[in-house]
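Peer 1: What follows is a structure written as structure tokens; I'll ask about it next.
The values are calculated or read from the model by the stated rules, or taken from the named source; none is laboratory data. On a predicted model such as this, the values are computed, not experimentally measured, just so you know. A quick note on method: Cβ atoms are made from the backbone with ideal geometry, for glycine too, and the neighbour counts reach across all protein chains shown.
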Amino acid sequence: MVMETTGGMQKDFAVAIKEVVRAARNTGLWAPREVVHGICSNLSVAVQRGNAAIMSVGINAARRFE
């Protein structure tokens with residue numbers, strides 16, 4: 001599964017999420033909306049943290065060369 005740093009998802013990624021939702025329907029533990037929201041929210045936060053870490057490293061490296 002591939003997710004871009006801009007937040008875009010590969011088509012197979014969306015298909016995989018749909019499969020998780022289908023499996024969640026059968027468990028009765030989670031409502032499908034909760035599954036999708038949880039997956040998308042967690043991944044969005046992870047992407048933004050990664051983006052922030054990249055920016056932080058770049059800023060710190062640039063400061064060393066000043």
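Peer 1: Of all residues in region 2-50, how many are free of Cβ contacts under 8 Å to residues at least 40 places away in the same chain, in contact with a helix residue (DSSP H, G or I) (Cβ under 8 Å, 6 or more places away or on another chain) and at positive phi?
Peer 2: Matching residues across region 2-50 total 0.
Peer 1: Continuing with this model, one more query. Scan region 1-40 for residues that are farther than 28 Å from Asn51 by Cβ and not in a loop (DSSP other than H, G, I, E, B) and report the count.
Peer 2: Residues that pass the stated criteria total 7.
Peer 1: OK, next. Which one of Ile54, Ile59 is in contact with a Ser or Thr (Cβ under 9 Å, 6 or more places away or on another chain) and surrounded by fewer than 12 Cβ atoms within 10 Å (Cβ to Cβ)?
Peer 2: Ile54
Peer 1: Sticking with this structure for a sec: Just the residues that are modelled with pLDDT of 80 or more, over 18 Å from Glu4 (Cα atoms) and not β-branched (Val, Ile, Thr), please, taken from region 16-33.
Peer 2: Across region 16-33, the qualifying residues are Lys18, Glu19, Arg22, Ala23.
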